[in-house]
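Let me begin by presenting the structure, written as structure tokens, before commenting on it.
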Amino acid sequence: MNYSLKSIPEREPKPRERGYTMAMDKGLSVREVEDFLEVAGDYVDIVKLGWATSYVVPNLQKKLDVYRAAGIPVYFGGTLFEAFVVREQFDDYRRILDKYQMTFAEVSDGSLDMAHEDKCDYIRKLSEQVTVLSEVGSKDAEKIIPPYMWIKLMQAELDAGAWKVIGEAREGGNVGLFRSTGEVRSGLVEEILTKIPFEKILWEAPQKAQQVWFIKLLGANVNLGNIAPSEVIPLETIRLGLRGDTFDHFLDLEKPC
Amino acid sequence: MNYSLKSIPEREPKPRERGYTMAMDKGLSVREVEDFLEVAGDYVDIVKLGWATSYVVPNLQKKLDVYRAAGIPVYFGGTLFEAFVVREQFDDYRRILDKYQMTFAEVSDGSLDMAHEDKCDYIRKLSEQVTVLSEVGSKDAEKIIPPYMWIKLMQAELDAGAWKVIGEAREGGNVGLFRSTGEVRSGLVEEILTKIPFEKILWEAPQKAQQVWFIKLLGANVNLGNIAPSEVIPLETIRLGLRGDTFDHFLDLEKPC
Amino acid sequence: MNYSLKSIPEREPKPRERGYTMAMDKGLSVREVEDFLEVAGDYVDIVKLGWATSYVVPNLQKKLDVYRAAGIPVYFGGTLFEAFVVREQFDDYRRILDKYQMTFAEVSDGSLDMAHEDKCDYIRKLSEQVTVLSEVGSKDAEKIIPPYMWIKLMQAELDAGAWKVIGEAREGGNVGLFRSTGEVRSGLVEEILTKIPFEKILWEAPQKAQQVWFIKLLGANVNLGNIAPSEVIPLETIRLGLRGDTFDHFLDLEKPC
């Protein structure tokens, strides 16, 4: 840090299981990746190449090289996995992961109907090859999953080999964990946390109010994802109680008197 | 593309009359233009320098050079044309087009009142000098043009020499083709399409939900405009059925069974 | 300017007391600062490093060097001042200002409760060291300050040595001067202006509709702040009547007839 302030919440050091920040790259240039890492490389833990953008961007290999050189793992968005599966090209998908030397992959079913046993099978298979993040929640705002089912799905996916489970929100932050207005389905989140360990969940929270809500509930070291690259620094200040929204939140701990 | 996926809708190759993507540059630096073209140069067809931003940016000539070297035509936003016309400086405008060796120009009347015959005269004159895009629709949310009139205006402007007609939406996507909420005036669009050929219209659709709506109605190769530079890659994935919003849309065509 | 247009409102030349544009940097890379200044260096007057982002960004000194070389003063957001004060580290704050050779500082009380006399004391002390901008208005949407109190606070802070007073809006533009919808509290602004000189106020106005409202009320040379770097060029066109929103506004002055 550039100067010394008292009563700042302690952040887990990298590599970490808690306090994880996942950013979404939806088409950065190589130079933009370099700029992002100059500013936020110390704060971002993993980068998702949003949905299937990796299919169309012409600079894929070069970007992967830049992230790799900085020690930041990268994975393809779950929609890419689904795009291969729906076309019965799962083996091609596995080859792509090898070709690009990916160490992480996401398994999701946000855009298609898949038996949950099949999803768990994919998690089992892929977790022999890479570290798997699995995502729960539909991209379809009409599909409401009740809390007990979120828990059951998450537990089964962790049991199948997922390293962490992701709570779906999309880039917009308006489905899954959130109402269409972006408001958190807070009862859902609290019920999930009675059963699934805090550090096993990565909450997608692209909107600032959502990030603030999670940090106030779960502290500086909550795992948050779908953060725009330019919002990683603002998020870090919210985690540290250095933006208006959480300014008071961490002061009580050891407030000077 | 970086890997092979089945059942991807076919895109018209460049240069194209259909499936056109027009992006809006509202003040990029030279390096930002280079970054934009590194990522999206294969997908963007034409760039508009938004409204009259070209009047104030200090790097105009340099940016034009970069776009030109990449083979991407550029034009000044229609508001610049109107700014010259309202000041009775139309001849100056024509000289500016020559000075900067512009090959396209936009004729619009979104910010001023102009007799339609006069507008068509401007289209006729300018189309001797450059390729003309003409825009229909007011920037004033209060001015509602009925569907039969949209058709009449569009047809007259094509007859006067416009290469394509643009449906107005502004940078925000909340006027003209859209309600103030951003919702598409769908009856209007469908009625227009009964009379004006699909490939002659470029729909301004800056918001994702608007892009999705047009692609679902008109397919991967609809002409869309006012796309932010950072949204050209996301748009391309929507066109190809590789984002949640259109994931199902193109699969039926040749779905593996 | 790149070409000559009649009836363009005259802008105060830099350095200026009126027509000031304050931009907010919330975590730009060094190269992004260079890009920003290439495009908007002639139009931006001062840059705020938003809230306490300067605590976490690893490139602080390098960025300050780039801004300084371009002759653009920089200051730390008021929340940083508050973060030091609430921890009883005000002397540390003064040392930080010296260490980084800051020539401006912001005094605010948007995130904490502070007796107004204490706030004025801080303004007095800091104005011996740097040029002080002081901010009025809470970041808490629940805390509504009546107009007569805004005036009283502003006058006292100017009397205590503030160079200008800032009307609070946050990065989002939804508190202080604005309703939660972003709508301007117009009666408040008009009443303030009956007592406090126009050029002594810097209005935070991050949203376009807010910028348009102030420019229509107060002219091209109103002081506006919390402008995103990519919006400085768009703002300049609004000031000059070269975007749809203010297209008509300045034409009457010397309209060609």
>> I need A:Y55, A:Y67, A:Y100 ordered by Cβ neighbour count within 10 Å, fewest first.
In response: A:Y100, A:Y67, A:Y55
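Antiparallel versus total DSSP beta bridges in the protein assembly as shown: what percent is that, nearest 5?
Working: 3 of 69 bridges.
Counting DSSP beta bridges with both partners in the protein assembly as shown, the antiparallel share is about 5 percent.
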> Between rounded, prolate and oblate, where does the stretch B:21-254 land on the alpha carbon gyration tensor, with a ≥ b ≥ c its root eigenvalues, rounded for a/c under 1.5, else prolate if a/b exceeds b/c?
Replying inline: oblate
> Could you give the dipole magnitude of chain C about its Cα centre, charging the beta-carbon of Lys and Arg +1 and that of Asp and Glu -1, in debye to the nearest 20?
Replying inline: 300
> When the Cα centres of the stretch B:56-87 and the stretch A:186-257 are compared, how far apart do they sit, in Å?
Replying inline: 44
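Roughly how crowded by other chains is peptide B:170-179, in terms of the mean Cβ count from those chains within 10 Å of each of its Cβ atoms?
Working: counts 3, 4, 2, 0, 0, 1, 0, 0, 0, 0.
Across the residues of B:170-179, the mean count of other-chain Cβ atoms within 10 Å is 1.
Can you pull the mean other chain C-beta count within 10 Å for peptide A:88-98? Spell out each step's value before the answer.
On the way: counts 4, 6, 0, 0, 4, 2, 0, 1, 3, 0, 0.
So the per-residue partner count for this stretch is 2.
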> Can you give the FRET efficiency for A:K195 and B:R18, using 1/(1 + (r/R0)^6), R0 = 56 Å, r = Cβ-Cβ distance, to the nearest 0.05?
Replying inline: 0.60
> Which of the peptides B:142-150, C:77-85, C:218-226 is most tightly packed, and how do the rest follow, judged by the mean count of other Cβ atoms within 10 Å per residue?
Replying inline: C:77-85, C:218-226, B:142-150
> Taking only Cα atoms, what is the 0 to 90° angle, nearest 10, from helix A:60-69's long axis to the longest principal axis of chain A?
Replying inline: 40
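Taking a ≥ b ≥ c as the square roots of the eigenvalues of the Cα gyration tensor of the protein assembly as shown, is the shape rounded (a/c under 1.5), prolate (a/b larger than b/c) or oblate? Could you put the intermediate results ahead of the total?
Working: a/c = 1.77, a/b = 1.00, b/c = 1.77.
Judged from the Cα gyration tensor, the protein assembly as shown comes out oblate (a/c at least 1.5, b/c at or above a/b).
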>> Apply the Karplus curve 6.51 cos²θ - 1.76 cosθ + 1.60, θ = phi - 60°, to the phi angles in the stretch A:46-58 and return the couplings in whole Hz, x for Gly and Pro.
In response: 7, 10, 9, 7, x, 5, 10, 4, 5, 6, 9, 6, x
>> Between 0 and 90 degrees, rounded to the nearest ten: what's the tilt of helix A:186-195 against the longest Cα principal axis of chain A?
In response: 80
> Can you run phi through the Karplus equation (6.51, -1.76, 1.60; θ = phi - 60°) for the stretch A:149-160 and list ³J(HN,Hα) in whole Hz, with x for Gly and Pro?
Replying inline: 6, 3, 4, 4, 5, 4, 4, 5, 6, 5, 4, 6
> What is the set of long-range amide H partners of B:V44 at a cut-off below 5 Å, with H atoms built 1.01 Å from backbone N?
Replying inline: none
> At A:E199, with labels set 7 Å past Cα in the Cβ direction, how many nm apart are the copies from this one, shortest first?
Replying inline: 6.0, 6.0
> Considering only chain A, what is the antiparallel percent among its DSSP beta bridges, to the nearest 5?
Replying inline: 5
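How shielded is C:37-49 by partner chains, expressed as the average number of their Cβ atoms within 10 Å of its Cβ atoms? Before the final figure, lay out the partial values.
Details: counts 1, 9, 11, 5, 1, 3, 4, 0, 0, 0, 0, 0, 0.
Average neighbour count from other chains, rounded to a whole number: 3.
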>> With N set to the number of residues, divide the alpha-carbon radius of gyration of the stretch C:7-70 by 2.2 N^0.38 Å and report two decimals.
In response: 1.24
> Based on the Cβ-Cβ distance from B:K6 to A:Y100, what FRET efficiency comes out when R0 is 22 Å, to the nearest 0.05?
Replying inline: 0.65
> HN-Hα J couplings of the stretch C:75-91 from phi, Karplus 6.51/-1.76/1.60, θ = phi - 60°, integer Hz, Gly and Pro as x?
Replying inline: 9, 7, x, x, 4, 5, 3, 5, 5, 6, 5, 5, 9, 6, 10, 4, 5
> Can you list the residues, at least 5 places off or on another chain, whose amide H is less than 5 Å from the amide H of A:V107, using H built in the peptide plane?
Replying inline: A:L133, A:S134, A:E135
> Quick one: net charge of A:R185's neighbours, Cβ under 12 Å, K/R +1, D/E -1?
Replying inline: -3
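Let me have the 222 nm mean residue ellipticity of chain A computed from DSSP H runs of 4+ only, each contributing -39500 (n - 2.57), with the sum over all residues rounded to the nearest 500.
Working: 10 runs with 97 residues, N = 257.
The helix contribution divided over chain A gives -11000 deg cm²/dmol.
Taking the Cα centre of the stretch B:146-254 as origin, sum charge times position over the Cβ atoms of Lys and Arg (+1) and Asp and Glu (-1), and report the length of that vector in debye to the nearest 20. Each step should come with its number before you reach the end.
Numbers: 11 positive and 15 negative charges, 48 e Å.
Using Cβ point charges on Lys, Arg, Asp and Glu, the stretch B:146-254 gives about 220 debye.
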> Say a label goes 7 Å from Cα toward Cβ at B:D113 in every copy; what distances in nm does this one have to the rest, shortest first?
Replying inline: 5.7, 5.7
> Can you name the chain C residue with its Cβ nearest the rotation axis from C to A, and give the distance in Å as a whole number?
Replying inline: C:R31, 4
> To the nearest 10 degrees, how steep is helix C:208-218 against the longest Cα principal axis of chain C, on a 0 to 90 scale?
Replying inline: 80
> Which of the lysines could a cross-linker bridge to C:K62, judged by Cα under 19 Å and excluding same-chain residues fewer than eight apart?
Replying inline: C:K26, C:K48, C:K99
> What is the sum of charges around A:L235, taking Lys and Arg as +1, Asp and Glu as -1, for the other residues whose C-beta is under 10 Å from the C-beta of A:L235?
Replying inline: +1
> Given label points at 7 Å from Cα along Cα→Cβ, what nm distances, shortest first, separate B:Q155 from the same residue in every other copy?
Replying inline: 6.7, 6.7
>> Run the reach check for A:K143 against lysines, Cα to Cα strictly under 19 Å, same-chain hits fewer than 8 apart removed. What comes back?
In response: A:K119, A:K152
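Throughout, read-outs are computed from the coordinates displayed, never taken from laboratory work. None of the values given here were measured: they were computed from a predicted structure. Ideal geometry is used to build each Cβ from the backbone, glycine not excepted, and the neighbour counts take in all protein chains shown.
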